[in-house]
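Colleague: Below is a structure I'd like to ask you about.
The values are calculated or read from the model by the stated rules, or taken from the named source; none is laboratory data. Not measured: the values here are computed from a predicted model. Neighbour counts are summed over all protein chains in view; Cβ atoms, including those assigned to glycine, are modelled from backbone coordinates with ideal geometry.
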Amino acid sequence: MSEHTIAERKLKTDIHYKNAVRRDLVDSVRQLHEWQEKLNQIHNVRKEKKLRNTVERYRGFIEDMRTFLSPLLDELEEGIKEEMSFSVDEIKEFKQEVKQETKLASEARIAFEKAKDAAEKADDDKIEPAELAVLKEAYSKAWRAFRLEKHKLEEASDELESEQTDRDIFKRELKRIHVERHFIKEV
């Protein structure tokens, strides 16, 4: 399973929080529009006055939500930009690690194959027991090294995919933030 940094987890939590506030704002605006339409259809003066007062209070509530959401969007955008610039560097670093670990895994695989061939020849040629023990030990070490390098390579590949996914999520969120800013101005 891939590991996420504290900054990535905080950003994702902040994104979820911002989305919840945005949904509340959208629902509130929708409710305000319904009440305004109802206000145009009411013919009872007392009900109209009550609803007009409610609409005015709700407009104040929506304005408070807008003023709260605007700096939240700024802070989130700044955090995402910082994380994305870090993520680009981190992705380059992971690509280098993957290349190095691929090279090490192939070297371990070659050493493993050589040790395996030598051990098979040793059985055929009836080599001395001391030499056979050395060959089997080399074979065993090469096999462990190969498995270890293969595991490290898989972990690095998984982390690279995770970083790319996070980067895509943050890109989409930056686009959404710009759309939300426009929405806030229009409300």
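Colleague: Filter the range 1-49 down to the residues that are surrounded by 10 or more Cβ atoms within 10 Å (Cβ to Cβ), in a loop (DSSP other than H, G, I, E, B) and free of Cβ contacts under 8 Å to residues at least 60 places away in the same chain and list them by number.
Modeller: Result: 5, 42.
Colleague: If you don't mind, another one. Being surrounded by fewer than 17 Cβ atoms within 10 Å (Cβ to Cβ) and either in a helix (DSSP H, G or I) or in contact with a His (Cβ under 6 Å, 6 or more places away or on another chain) (or both) is the filter here, so list the residues in the range 177-187 that pass it. So that I can check it myself, show each step before the final result.
Modeller: So the first thing to find is which residues in the range 177-187 are surrounded by fewer than 17 Cβ atoms within 10 Å (Cβ to Cβ), and the list is 178-179, 181-187.
Answer for the range 177-187, where residues must be surrounded by fewer than 17 Cβ atoms within 10 Å (Cβ to Cβ) and either in a helix (DSSP H, G or I) or in contact with a His (Cβ under 6 Å, 6 or more places away or on another chain) (or both): 178, 179, 181, 182, 183, 184, 185, 186.
Colleague: Just to check your reading of the model, which residue among 157, 140, 162 is modelled with pLDDT of 70 or more, in contact with a His (Cβ under 8 Å, 6 or more places away or on another chain) and surrounded by fewer than 17 Cβ atoms within 10 Å (Cβ to Cβ)? Step through it out loud before you land on a result.
Modeller: On the way: 157 fails: in contact with a His (Cβ under 8 Å, 6 or more places away or on another chain); 140 fails: in contact with a His (Cβ under 8 Å, 6 or more places away or on another chain).
Selected residue: 162, the only one of 157, 140, 162 that is modelled with pLDDT of 70 or more, in contact with a His (Cβ under 8 Å, 6 or more places away or on another chain) and surrounded by fewer than 17 Cβ atoms within 10 Å (Cβ to Cβ).
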